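Here the structure comes first, spelled out in C-alpha cells, and everything after it is commentary.
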Amino acid sequence: MTREFDLVRALAAGVEGRRGAWEFIRRFVANWSVALGDGDGWDEADLVAAEERLGFRLPPALREAYLLLGRRRDLTGNHDVLLGPSELYVDEAKEALVFRHENQGASSWGILLDELMDEDPAVFIRADLADKAAEHWESWLERLSLCFIEIVLSESLQADDELCDFLSDFDDSGVDLLERNCIRLPFPAYPMGDEEHAIRWFLGHDVLLRDDDGTALLARGRTEAALDAMRDLLPGDWLNDFR
C-alpha cells in the first residue's frame, strides 16, 4: 500500500476541490503517518454547539474538516494551533471567524464573515501587530480545503521526531539544488497572489520539503535514511543532524 501512493498525482487531484482534498489527506496520512480512524474528528454535537454559541452555521468545508481530523493534534497542532469548536471566535473588529493561531500568537487565520455562506470559502491571515490599527486580513489561500491540505502537510514537518528537520541558512545555492533535484509539487503559491515571495512545496526521494521563500527549509523523510540523503544533497547546518 505504502509504495503505491503517488504523492504528486494525489496532490494534483486533491487541489481540484474539497472532496479531493479530503481524499488526499486520508491517503497522505495513511502513507506518511498513522491512518485516520474513528474518533479522530469532532462529533456533530460539538459543531452544533459551536454554531449555537456563535449564532451562525459553519461553512461545509470547515465542518467536514473538523469531522474528519479535528482531534488529531499530530496533524493540526505540532506548531501552529487549530482551534477546537468551542474555541472558535469572531475577531474584535467583527470581520472574520478565527479558526487557527500561530504558535506564539504572531498571526491568526480566519474566514471573512461575509463569506461564511460559501461552501469552501477563502482563507485570510492577519498578523498580530503592536499597532492594532495597522492590522488587516490578507489573502492566504483561495479555498478552505486547500488550507487544510496545507495544515496537514506543514504540521507533518513539525513533528518532534527523528524524521523531521529544519535548515535555517538556506541560501540561493541551496534553492538551486532543491529545484534541480526535487519535484515541485502541484500546490498553488501562497500567500495568495504573491508569486515572488511564495511558499513552495517539493518532493525528493521519500522526503517532503517546504521552501519558505529561500529563508528556511523544512523537511520530513519517510525514513531516517531518506532524510540523511537529503541532508547530504542540501548541505548546511541542519537543526537535528547529529551524525
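Within region 20-62, how many residues are assigned to a helix (DSSP H, G or I) and surrounded by fewer than 13 Cβ atoms within 10 Å (Cβ to Cβ)?
So the answer is 4.
Scan region 116-131 residue by residue and report those that are touching a strand residue (DSSP E or B) at 6+ places or on another chain (Cβ under 9 Å) and surrounded by fewer than 21 Cβ atoms within 10 Å (Cβ to Cβ).
So the first thing to find is which residues in region 116-131 are touching a strand residue (DSSP E or B) at 6+ places or on another chain (Cβ under 9 Å), and the list is 116, 118, 121-128.
Passing the criteria: L116, D118, A122, I125, R126, A127, D128.
Considering (1) in the same structural domain as E16 (by TED's automatic domain parsing); (2) of a type outside the set (A, V, I, L, M, F, W, C); (3) on the phi > 0 side of the Ramachandran plot, say which one D213 fails and leave the rest.
Exception for D213: condition (1).
Could you list, in sequence order, the residues of region 180-217 that are touching a residue at least 12 places away in the same chain (Cβ under 8 Å), out of contact with any Lys or Arg (no Cβ under 7 Å at 6 or more places or on another chain) and among the charged types (D, E, K, R)?
Hits for region 180-217 are R210, D212, D213.
Just for region 170-220: of the residues that are β-branched (V, I, T) and within 19 Å of the chain's Cα centre (by Cα), which one is farthest from S107 (Cα to Cα)? Full working, then the answer.
We begin by selecting, within region 170-220, every residue β-branched (V, I, T); these are 175, 183, 199, 207, 215.
With the extra rule that they be within 19 Å of the chain's Cα centre (by Cα), the set shrinks to 183, 199, 207, 215.
Numbers: I183: 30, I199: 16, V207: 28, T215: 19 Å.
Among those residues, the one meeting the criterion is I183.
Here is a check on your reading of the model: is G105 out of contact with any strand residue (DSSP E or B) (no Cβ under 9 Å at 6 or more places or on another chain) and at positive phi?
So G105 fits the description; yes.
The values are calculated or read from the model by the stated rules, or taken from the named source; none is laboratory data. Just so you know, these numbers come straight off a predicted model, no measurement behind them. Every residue, glycine as well, gets a Cβ built from its backbone with ideal geometry; the counts of neighbours run over all protein chains shown.
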